[in-house]
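See structure below.
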Amino acid sequence: MDMVQKILKGDKRSIARLITLIENQAEEVRELLKQLHKFTGKAITIGITGPPGAGKSSIVNFLAKKFREDNKKVGIIAIDPTSPFTGGAILGDRIRMQDLTLDEGIYIRSMGSRGALGGLSRASYDAVKVLDAAGMDYIIIETVGVGQSEVDIIKLADIVVLVLIPGMGDEVQAIKAGVMEIADIFVVNKSDLDGADRLITEIQLNLDLNQDKNRIKPPIIKTVATAGEGIAELNITIKDIHKRLHDSGLLQIKRKARICQELQELIREIHIKQIVSSFEAKIDIFTEKILKKEIDPYTAALAILNNKNGYISID
Amino acid sequence: MAGSKTIRVLIAKPGLDGHDRGAKVIARALRDSGMEVIYTGLRQTPEQIVETAIQEDVQVIGLSILSGAHNFLFPRVMELLREKNAEDILVIGGGVIPEEDIPGLKEAGIKEVFTPGTPTSEIINFIKANVKV
């Protein structure tokens with residue numbers, strides 16, 4: 001049986017191998033993903049994001065158990081930061097998910113961010129497709145612990161859950177742009193701590209100012225993840241939000257926008273490689289000229305691209 | 001389009017053993033040598049360790065043990081790896097392990113055993129010399 005067949009049957013070893021190939025950008029990946037593509041699109045993807053130490057892994061742990069109660073299969077991708085200096089990483093999200101390891105219906109993969117800055121890793125997009133084709137009903141993506149502007153999870157998840165904790169700053173933090181805007185559901189974790197109710201009020205006030213009437217107003221859920229409190233409500237809320245997104249057609253719009261964006265990024269990536277390789281000699285020459293102040297970078301770029309044997313003839 | 005290949009290592013603490021300072025030091029040293037280190041925390045069963053290694057597609061498992069149960073737990077990990085056709089994974093051990101137990105562990109399939117006082121660079125070099133990525 002080949003790798004594609006094994007993945008479609010949910011074989012964990014094959015899933016793991018293909019994800020490694022994707023991470024290493026191996027040649028054969030393109031063909032394998034091509035064969036898997038028509039089997040994707042069935043899974044519900046849920047992004048769990050929030051600052052470091054907010055309790056994302058603990059929430060993923062309990063949420064996966066809830067999904068298993070309904071006998072649903074769950075794939076988990078947990079991303080931790082890669083060192084910009086050595087390329088190494090400590091991937092420690094599994095520590096909070098130990099009980100899930102031996103569950104037949106769960107697959108967990110830890111990934112290093114490997115240079116990506118938006119909270120995900122480059123390979124996570126295709127890894128989600130592999131898990132989708134492998135028959136996972138839910139795919140949970142846990143981002144790197146984020147700051148204010150790492151919002152790439154919206155390119156990957158149907159539903160984004162933003163996990164916050166009390167004591168992270170004053171009310172201005174809640175009205176700032178960036179990560180506060182991407183949540184479909186807010187979770188206030190460690191809600192047994194002081195300041196939880198104030199945080200909820202601040203999120204609430206911020207949401208009330210939202211002008212966009214087409215958006216579903218994100219619910220706010222209180223949890224104490226280490227004790228599993230509030231997870232049942234989160235589970236119900238996720239299902240409810242998914243249903244509303246689906247019924248209103250918003251889910252389809254989201255997914256279409258994501259595919260469009262992915263396609264554009266691929267075109268850009270392939271095109272840039274082609275441009276750079278076909279103009280290599282010219283780029284070298286003009287770099288020298290710019291260095292010697294014989295020409296400025298804008299004029300040089302246009303001079304390279306306007307060359308008649310260049311831009312149009314790339315294929 | 002071939003990109004870079006990163007060595008992935010699982011650092012695991014099998015059995016009833018509450019001390020993981022050493023395991024964390026090793027994890028950190030491997031991180032600093034450019035590897036991705038999956039750390040799963042304390043009190044793992046051999047079954048959990050082998051399943052994690054497969055799901056994470058690691059090339060190396062580092063078992064750390066201080067409890068004295070290595071003669072049972074290390075061979076058990078090897079046995080499970082063979083059952084899952086995953087004996088290609090390099091397994092090394094470390095912790096408080098008496099000299100006289102080391103030959104038996106190597107016979108069971110543990111490639112090398114590093115006892116207290118081993119410089120971390122020795123472990124890194126051993127992994128880099130024995131793993132093909």
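The values are calculated or read from the model by the stated rules, or taken from the named source; none is laboratory data. A quick note: this is a predicted structure, and the numbers were derived from the prediction, not measured. Neighbour counts run over all protein chains shown; Cβ positions are idealised from the backbone, glycine included.
Considering (1) farther than 17 Å from A:Thr82 by Cβ; (2) more than 13 Å from the chain's Cα centre (by Cα); (3) at the interface with chain A (Cβ under 7 Å from one of its Cβ atoms), the lone condition that B:Leu66 does not fulfil carries the number (3).
Here A:Ile79 qualifies as among the hydrophobic types (A, V, I, L, M, F, W, C), at negative phi and within 14 Å of chain B (Cβ to nearest Cβ). Taken residue by residue, the range A:120-131 has at least one member that is within 14 Å of chain B (Cβ to nearest Cβ), part of a helix (DSSP H, G or I), over 28 Å from A:Arg244 (Cβ atoms) and of a type in the set (D, E, K, R).
All of B:Ile61, B:Ile49 fail the test of being assigned to a helix (DSSP H, G or I), surrounded by 22 or more Cβ atoms within 10 Å (Cβ to Cβ) and either charged (D, E, K, R) or more than 7 Å from every other protein chain (Cβ to nearest Cβ) (or both), apart from B:Ile49.
Matching residues to (1) part of a loop (DSSP other than H, G, I, E, B); (2) in the same structural domain as A:Ser58 (by TED's automatic domain parsing):
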| position | (1), (2) |
| --- | --- |
| A:Leu199 | no, yes |
| A:Pro218 | yes, yes |
| A:Ile241 | no, yes |
| A:Gln252 | no, no |
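What are the residues in the range A:234-255 that are closer than 13 Å to A:Ile216 by Cβ and of a type in the set (A, V, I, L, M), if any? If you could, list the steps in order and put the result at the bottom.
First, the residues of the range A:234-255 that are closer than 13 Å to A:Ile216 by Cβ: A:237-238, A:240-251, A:253-254.
A:Ile238, A:Ile241, A:Leu245, A:Leu250, A:Leu251, A:Ile253, listed by residue number.
Could you look through the range A:221-239, keep only residues that are within 11 Å of A:Ser191 (Cβ to Cβ) and part of a helix (DSSP H, G or I), and pick out the one that is nearest to the chain's Cα centre (by Cα)? Filtering first and then ranking leaves A:Ala225. Candidates A:Arg68, A:Arg109, A:Arg96: the one that is facing chain B (nearest Cβ under 10 Å), in a helix (DSSP H, G or I) and either in contact (Cβ under 8 Å) with a residue 24 or more places away in the chain or over 12 Å from the mean Cα position of the chain (by Cα) (or both) is A:Arg96. Yes or no: the range A:298-313 includes at least one residue that is in contact (Cβ under 8 Å) with a residue 40 or more places away in the chain and outside any strand (DSSP E or B). Scanning the range A:298-313, I find no residue that is in contact (Cβ under 8 Å) with a residue 40 or more places away in the chain and outside any strand (DSSP E or B), so the answer is no. For the range A:212-244, which positions are surrounded by 20 or more Cβ atoms within 10 Å (Cβ to Cβ) and in contact (Cβ under 8 Å) with a residue 60 or more places away in the chain? Matches in the range A:212-244: A:Thr223, A:Ala225, A:Ile231, A:Leu234, A:Ile238, A:Ile241.
The combined condition, being closer than 15 Å to B:Thr40 by Cα and either buried (at least 22 other Cβ atoms within 10 Å of the Cβ) or not basic (Lys, Arg) (or both), is fulfilled by A:Asp99.
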